[in-house]
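Chemist: Mind having a look at this structure? Questions to follow.
The values are calculated or read from the model by the stated rules, or taken from the named source; none is laboratory data. This one's a predicted model, so the numbers in the text were calculated from it and none came from an experiment. Quick reminder, even Gly has a Cβ in these numbers, built from the backbone with ideal geometry, and neighbours come from all protein chains shown.
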Ligand SMILES: Cc1cc2nc3c(=O)[nH]c(=O)nc-3n(C[C@H](O)[C@H](O)[C@H](O)COP(=O)(O)O)c2cc1C
């Protein structure tokens, strides 16, 4: 049975039944998840970084387009750490996805090029100052990443961030972080959010290609098991506190901190840390390994089993419409 629509700005902008983005997740997002999300009435985005080559990115975009009619996006890292930024942007513009989600760095050029191709741009921000900046650059919406989010979380709570951005910005505000059920989705929209970007809840899904161990960890662990680590990319990131994470610790050691500060070496050391961190995450995400290093946010508290995407979206919508 199809449930009642959820009317919010994001549903209007993208012409979808429910204002939910299956958030872009490094290593986790794939075309199957996006197709299932669209079929269930939502939308979804994939990080361009999930594809080794730009041709693989092109094939993925074409695959989603030939499977479903609904809107979807690509997440683009727009700072210097992304060596293939220009090629990725060119392919996205050629293939014409519905929206780009920018993270890290200044999105000015991306917005200009995307708009020429008729593509909307939603920009990740964690505070008002940056929100005003992307608004002045012409962003179509803000993705307000709060401190409850998985991945590179912000440091302002959803209750403070969404109303502040709504009050001071005139473009739509999509809230990212801390939505693990339909009641929390409703709370976010009641705070003024025009839609929600939901990540962690969708890791333990049948459509995700990550290892069963990673999915099961999202079932077995809860919000109190999430810690921030700066060991992975240099930028703090949420991970599940497995025995392995406890063993290696979550802070950079004195040598790493020293190299991070050295004027001549820091650029190279940061790039090295990033590559090393991403490799470790990749190994842990796809194979059974004793180095259990899994990225997830506190919303995994709500994950009780590995399910199809449609079940999760149906539940979010059912709970949203329920009288509490
Ligand atoms: C495993 C994982 C990987 C992520 N990778 C990315 C990424 O590549 N790019 C990005 O912009 N955000 C990334 N995020 C953040 C999500 O897009 C989204 O903001 C976040 O998941 C929302 O919080 P939630 O997990 O509580 O739903 C990631 C989050 C998780 C949990």
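Chemist: What helices (runs of 4 or more DSSP H) lie completely within region 118-232 and have 1 or more residues being near the ligand (Cβ under 10 Å from one of its atoms) and not assigned by TED's automatic domain parsing to the domain that holds residue 286?
Modeler: By residue number, 158-168, 182-190, 212-220.
Chemist: While we're on this one: Can you tell me which residues in region 278-305 are surrounded by 19 or more Cβ atoms within 10 Å (Cβ to Cβ), modelled with pLDDT of 95 or more and assigned to a loop (DSSP other than H, G, I, E, B)?
Modeler: Once the filter is applied, which keeps residues that are surrounded by 19 or more Cβ atoms within 10 Å (Cβ to Cβ), modelled with pLDDT of 95 or more and assigned to a loop (DSSP other than H, G, I, E, B), region 278-305 yields 296, 297, 303.
Chemist: Would you mind stating whether residue 91 is away from the ligand (no atom under 15 Å from the Cβ), buried (at least 17 other Cβ atoms within 10 Å of the Cβ) and within 25 Å of residue 278 (Cβ to Cβ)?
Modeler: Here the answer is yes, as residue 91 does meet what is asked.
Chemist: Any residue in region 134-152 that is at positive phi sitting within a Cβ distance under 8 Å of a residue that is more than 9 Å from the ligand (Cβ to nearest atom) and modelled with pLDDT of 95 or more? List the pairs, counting only those 6 or more apart or interchain.
Modeler: So the pair list comes out as 138/111; 138/112; 138/115; 138/121.
Chemist: If I ask for residues that are modelled with pLDDT of 95 or more and within 16 Å of the ligand (Cβ to nearest atom), which ones from region 12-31 would you list?
Modeler: Passing the criteria: 18, 19, 20, 21, 22, 23, 24, 25, 28, 29, 30, 31.
Chemist: Which of the residues belonging to region 190-240 are closer than 30 Å to residue 166 by Cα, surrounded by fewer than 19 Cβ atoms within 10 Å (Cβ to Cβ) and under 17 Å from the mean Cα position of the chain (by Cα)?
Modeler: 228, 235, 236
Chemist: So, one more: Inspect all residues belonging to region 306-316 and state whether any of them is part of a helix (DSSP H, G or I), away from the ligand (no atom under 12 Å from the Cβ), exposed (fewer than 15 other Cβ atoms within 10 Å of the Cβ) and at pLDDT 85 or above. If you could, list the steps in order and put the result at the bottom.
Modeler: Filtering region 306-316 for residues part of a helix (DSSP H, G or I) gives 309-316.
If we keep only those that are away from the ligand (no atom under 12 Å from the Cβ) too, we end up with 309-311, 313-315.
Next, only the ones that are exposed (fewer than 15 other Cβ atoms within 10 Å of the Cβ) stay: 311.
Within this subset, residues satisfying the condition of being at pLDDT 85 or above are 311.
Yes, that holds for at least one residue.
Chemist: Look through region 34-70, keep the residues that are buried (at least 23 other Cβ atoms within 10 Å of the Cβ), in contact (Cβ under 8 Å) with a residue 40 or more places away in the chain and in a helix (DSSP H, G or I), and return whichever of them is farthest from the ligand (Cβ to nearest atom).
Modeler: Top of the filtered list is 36.
Chemist: Run down 113, 164, 135 and say which single residue is farther than 22 Å from residue 53 by Cβ and touching a helix residue (DSSP H, G or I) at 6+ places or on another chain (Cβ under 7 Å). Walk me through how you get there before you give the answer.
Modeler: Details: 113 fails: farther than 22 Å from residue 53 by Cβ; 135 fails: touching a helix residue (DSSP H, G or I) at 6+ places or on another chain (Cβ under 7 Å).
It is 164.
Chemist: Related question: Can you pull out the residues in region 103-117 that are away from the ligand (no atom under 11 Å from the Cβ), closer than 15 Å to residue 85 by Cβ and surrounded by fewer than 21 Cβ atoms within 10 Å (Cβ to Cβ)? First the steps, then the outcome.
Modeler: Initially, region 103-117 is screened for residues away from the ligand (no atom under 11 Å from the Cβ), giving 105-117.
Within this subset, residues satisfying the condition of being closer than 15 Å to residue 85 by Cβ are 105-114.
Hits for region 103-117 are 105, 106, 108, 109, 112, 113.
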